[in-house]
Amino acid sequence: MITDGHNHTKHFSPDAGQSIDELISEASSKGFTRIGITEHYELDYPEDGLNWMFDLEEYNRVFPSWREKAAAAGLDLLMGIEFGYQTHVADEIERIAASYPFDVVLLSNHLFRGKDFYVDRECYKLPKKELHREYIGIMAEMCEKCSNFDAAAHYDYINRYTDNLENFVLYEDCPAEFDRMFEALITKGKALEINTKSIQKHKERGFKRHLPDPAVLNRYREMGGKLICLGSDSHFPGTFGVCFDEAVQFLKSLGFKESVYFKAHKPVFEPL
Ligand SMILES: [Zn+2]
Ligand SMILES: [Zn+2]
């Protein structure tokens, strides 16, 4: 079974509603053998009353006991973190990422001009190509500036809260920015994540298309990209491993044969 490398628990991610025990039992019942835990860490996140910077020492201290629980259920647990990128916190992300024994470090961009799409949807009034060019441009900058990470997460996060279901991010919207992102990932040996929660969200919200634009993945592969990781980005019970079958079929149809997960930052390949 392919590894689900992107998940959150309520113990460290303020927007998650599942315990580690619930996550382990769900993964086990769905036949998975490995879970990546990637709790949210957002430096200088806009004030919303939530704590987006969990206690790193506590996480590091408690994780071995989580590993033991998982092992008892036949599961391997990967200790990870999901950093929210902003230009001015790049150096601090680099520092923290190197300071703890993470298996996997994800970099994400949840903000547009300093605001989370979830809270402020003004950005969707911009022309689609302008919005996508700027958003993917920041993803590219994130991959260029940082080195202490393993994968760029959910490049299609920009789709999540738009009311215009035609506003689906496509390669043709901003090829130069996608190419910059891919160039940085490939040169540094980092992975591109396919976030299956995005697929599920697109379905729920009635998008005409659910799966990522094939042109995005074809271009990544054409440029030499080989590392693809999968994550369901689960926050609540019932969502672990969501849409994995579909994502795997989709990747196979494009000619990908393997996905990866990261253990102590080393990519481990799994056949699709
Ligand atoms: Zn995220
Ligand atoms: Zn996440």
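Just so it is clear, none of the values below were taken in a lab; they were calculated from the coordinates. Owing to the predicted nature of the structure, the values given are computational and were not obtained by experimental measurement. For neighbour counting, all protein chains shown are included, and Cβ atoms are generated from backbone atoms with ideal geometry for every residue, glycine included.
Do any trypsin sites (Lys or Arg not before Pro) in segment 171-271 lie in a loop, going by DSSP, with at most 16 other beta-carbon atoms within 10 Å of their beta carbon, and if so which?
Working: sites: R180, K188, K190, K197, K201, K203, R205, K208, R209, R219, R221, K226, K252, K257, K263; in loops: K190, R205, K208, R209, K226, K257.
Sites meeting the loop and neighbour criteria: R205, K208, R209, K226, K257.
Is the shape of segment 59-118 best called rounded, prolate or oblate, per the rule: a/c under 1.5 gives rounded, else a/b larger than b/c gives prolate, else oblate, with a ≥ b ≥ c the square roots of the Cα gyration tensor eigenvalues?
prolate
What value, in deg cm²/dmol to 500, does the helix sum -39500 (n - 2.57) over DSSP H runs of n ≥ 4 give at 222 nm once divided by the residues of the chain?
Numbers: 8 runs with 95 residues, N = 272.
Calculated from helices alone, the mean residue ellipticity at 222 nm is -11000 deg cm²/dmol.
Give me the mean projected area, in nm² to one decimal, of the convex hull enclosing the Cα positions of the chain. All intermediate terms of the calculation are to be shown ahead of the outcome.
Details: hull surface 50.9 nm².
Over all viewing directions, the chain projects a mean Cα-hull area of 12.7 nm².
What range in the chain is the longest one free of GluC sites (Glu not before Pro) that are in a loop by DSSP and have at most 15 other Cβ atoms within 10 angstrom?
Between exposed loop sites, the widest span is 48-165.
By count of other Cβ within 10 Å, fewest leading, how are D245, D4 ordered?
Details: D245 11, D4 26.
Fewest to most other Cβ atoms nearby, the residues stand as D245, D4.
Where the only charges are on Cβ atoms (+1 Lys, Arg; -1 Asp, Glu), what is the dipole of the chain about its Cα centre, to the nearest 20 debye? Present the calculation step by step, with values, prior to reporting the outcome.
On the way: 32 positive and 45 negative charges, 172 e Å.
For the chain, the charge dipole is close to 820 debye.
Residue farthest toward the positive end of the dipole of segment 20-271, with Cβ of Lys/Arg at +1 and Asp/Glu at -1: which of H265, P212, Y59?
Sorting the options by dipole projection puts first P212.
Among F244, L77, N148, pick out the residue whose Cα is farthest towards the positive end of the charge dipole of segment 20-271, where Lys and Arg carry +1 and Asp and Glu carry -1 on C-beta, about the Cα centre.
Value: F244.
Jot down the per residue volume, in cubic angstrom and as a whole number, of the convex hull over the alpha-carbon atoms of segment 185-272.
Numbers: hull volume 9.0 nm³, N = 88.
Hull volume normalised by residue count: 103 Å³.
Tell me which chymotrypsin sites (Phe, Trp or Tyr not before Pro) from segment 98-200 have a DSSP coil assignment and no more than 14 other beta carbons within 10 Å of their own. Each step should come with its number before you reach the end.
Details: sites: F102, F112, F117, Y118, Y124, Y135, F149, Y155, Y157, Y161, F168, Y171, F178, F182; in loops: F102, F117, Y118, F149, Y161, F168.
Taking segment 98-200 and a limit of 14 other Cβ atoms within 10 Å, the loop chymotrypsin sites (Phe, Trp or Tyr not before Pro) found are Y118.
To check you understand DSSP bridge types, tell me what percent of the beta bridges within the chain (both residues inside) are antiparallel, rounded to 5. The partial results should precede the final answer.
On the way: 9 of 33 bridges.
Bridges in the chain are about 25 percent antiparallel.
Would you mind classifying segment 1-63 by shape? Square roots of the alpha carbon gyration tensor eigenvalues, ordered a ≥ b ≥ c; an a/c under 1.5 is rounded, otherwise it is prolate if a/b is larger than b/c and oblate if not. Don't skip to the answer; put the middle values down first.
Details: a/c = 2.28, a/b = 2.06, b/c = 1.11.
In terms of gyration-tensor shape, prolate.
Of H110, C123, T162, which is farthest on the positive side of the dipole of the chain, counting Cα position, with +1 on Lys and Arg Cβ, -1 on Asp and Glu Cβ, and the Cα centre as origin?
Comparing the listed Cα positions along the dipole, T162 ranks first.
Return the Cα extents of segment 1-140 along principal axes one, two and three, sorted largest first, each rounded to a whole Å.
Dimensions of segment 1-140 along the principal axes of its Cα atoms: 51, 31, 28 Å.
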